[in-house]
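Taking it in order: structure first as structure tokens, then the write-up.
The values are calculated or read from the model by the stated rules, or taken from the named source; none is laboratory data. On a predicted model such as this, the values are computed, not experimentally measured, just so you know. Counting neighbours? That spans all protein chains shown, and the Cβs are built from the backbone with ideal geometry, glycine included.
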Amino acid sequence: MLKRIYVSNFRNLVNFELRPEGLSLLMGPNGSGKSAVLDGLARLRDYVAGGLGMDSLFPQAEFNRWAQGDEVRQVYELDLEANGGLYRYRLVVRLLRGTGQVRMEEERLRFRDHDLFQFSIEDGQAKAQLFRDGGAKGPETLANWSVSGVGFLQARTENTELVAFREALARMYVIRLSPEAMAEDGGETDREARLPARDLSNFASWYLHLLQEATDQVFAVTAALRERLPGFVALSLVSSGERKVLKARFRFPGSAQEAQFSLRELSEGQRAMIALQTLLHCLPDAALLCVDEPENFLALPEIQPWLDAVYDRVEDERLQALLVSHHPRLINMLADDAGFWVHQDPDAGVARVSPITRSADTEGLQMSQLVERGWIIDA
């Protein structure tokens, strides 16, 4: 479970800290920094657990524009509860403005009260100090400042604690749903994808993987979609030469035959419903699901059951969810207990966050009404 994220000098996030709950809601005006929080999480996951490099994930353009000096540092910190204890991860990324070079300056991972990994630069050389489970000091070695050492280390019998952190981070799913991207290739695929892309553009490939590895969960998705999409029967992968095409099968009253539709032939709302139900039912236990405005493309009666199901899974401690939303149902359900208001400091031009609080004279109003009237900051 994610307990804390700290980000500094990434876009408008400067000395920004968030301590999410089991189910948390980020609210605030457009451009305040809500999506930047999710983007920061996605970058850490891709860097440590996805094997991507420094240059592709931390470009110069996404350093804070008002940071001073020729050398600027981005700082990321995560507190993650997993494996029966608390992990603390710290990453410092250094930008040399003169050359535009970006490199890792510090990486550190602790578990409970001991170190698991330390990376630093000494006398111009990158060095990594390895530790065994329990904190016993291992070898010191030269390292690469363009990739994560925590992510690069091979799994061994003496570093199971480090590997457990990496696996926990891999269970972080940051989604900005795009029904258009889902249908760009018509739902065709020729390979499995173990993880969904952030915009679910690889949905067909991910579904192919789920059919092989998560049969029970796929049955649950099918059952849920039959309740939510009129006439829905199932999703099927149909062979087309060397590729497969994901089709949605429907049977309507009065028709003796099923009709098949590619993802491109479905409406955006139908694609969004398929995606959200698949995420809900197919993510592993102890996953963190971050979704940027899940209510887009769906009407109020369509999104409410999904939100209720997410809430139930969080209550069962099988999921943590961090949602960015303007949905009145979600605002009224979560804002009082787990809502965070993100806004831009007009003097400093950086994001600020504070838990939602309510004054005595607003007790008779729903939280969505306070947002509508512009009273949320003073609530």
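Filter the stretch 188-218 down to residues that are of a type in the set (Val, Ile, Thr) and touching a helix residue (DSSP H, G or I) at 6+ places or on another chain (Cβ under 8 Å) and give me whichever is farthest from residue 247 (Cα to Cα).
Within the stretch 188-218, the first condition is being of a type in the set (Val, Ile, Thr), and the residues that meet it are 189, 215, 218.
Subsequent filtering for residues that are touching a helix residue (DSSP H, G or I) at 6+ places or on another chain (Cβ under 8 Å) retains 189, 218.
On the way: 189: 12, 218: 15 Å.
Only one residue tops the list, namely 218.
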Which of the residues spanning the stretch 131-158 are under 27 Å from residue 59 (Cα atoms), touching a strand residue (DSSP E or B) at 6+ places or on another chain (Cβ under 7 Å) and surrounded by 16 or more Cβ atoms within 10 Å (Cβ to Cβ)? 143, 145, 148, 149, 150
Looking at the stretch 212-237, which of its residues are surrounded by 14 or more Cβ atoms within 10 Å (Cβ to Cβ) and part of a helix (DSSP H, G or I)? 217, 218, 220, 221, 222, 224, 225, 228
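If only one of 224, 214 is in contact (Cβ under 8 Å) with a residue 40 or more places away in the chain, of a type in the set (A, V, I, L, M, F, W, C) and in contact with a His (Cβ under 8 Å, 6 or more places away or on another chain), which one is it?
On the way: 214 fails: in contact with a His (Cβ under 8 Å, 6 or more places away or on another chain).
So the residue among 224, 214 that is in contact (Cβ under 8 Å) with a residue 40 or more places away in the chain, of a type in the set (A, V, I, L, M, F, W, C) and in contact with a His (Cβ under 8 Å, 6 or more places away or on another chain) is 224.
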Contact list please: Cβ distance under 9 Å, first residue in the stretch 97-112 and in a loop (DSSP other than H, G, I, E, B), second residue surrounded by 14 or more Cβ atoms within 10 Å (Cβ to Cβ) and among the hydrophobic types (A, V, I, L, M, F, W, C), pairs at least six apart or on different chains. 97/63; 97/72; 112/86
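Scan the stretch 77-90 and tell me whether some residue there is more than 18 Å from residue 150 (Cβ to Cβ), assigned by TED's automatic domain parsing to the domain that holds residue 124, at pLDDT 95 or above and not hydroxyl-bearing (Ser, Thr, Tyr).
Going residue by residue through the stretch 77-90, those that are more than 18 Å from residue 150 (Cβ to Cβ) are 84.
From what's left, assigned by TED's automatic domain parsing to the domain that holds residue 124: 84.
With at pLDDT 95 or above added as a condition, the list becomes 84.
Next, from what is left, pick out any that are not hydroxyl-bearing (Ser, Thr, Tyr): 84.
Checked the stretch 77-90: at least one residue is more than 18 Å from residue 150 (Cβ to Cβ), assigned by TED's automatic domain parsing to the domain that holds residue 124, at pLDDT 95 or above and not hydroxyl-bearing (Ser, Thr, Tyr).
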Which numbered condition residue 308 misses (of (1) assigned to a helix (DSSP H, G or I); (2) in contact (Cβ under 8 Å) with a residue 12 or more places away in the chain): (2)
Being assigned to a helix (DSSP H, G or I) and within 30 Å of residue 267 (Cα to Cα) is the filter here, so list the residues in the stretch 125-179 that pass it. 179
Are there any pairs, at least 6 apart or on different chains, whose C-beta atoms fall under 9 Å, with the first in the stretch 116-130 and touching a residue at least 40 places away in the same chain (Cβ under 8 Å) and crowded, with 19+ Cβ neighbours inside 10 Å and the second assigned to a loop (DSSP other than H, G, I, E, B) and not polar (S, T, N, Q), and if so, which? 116/132; 117/153
So which pairs qualify, if the first residue must be in the stretch 321-345 and under 25 Å from residue 283 (Cα atoms), the second must be in a helix (DSSP H, G or I) and among the β-branched types (Val, Ile, Thr), the Cβ gap must be under 6 Å, and the two must be at least 6 apart or on different chains? 321/310; 321/314
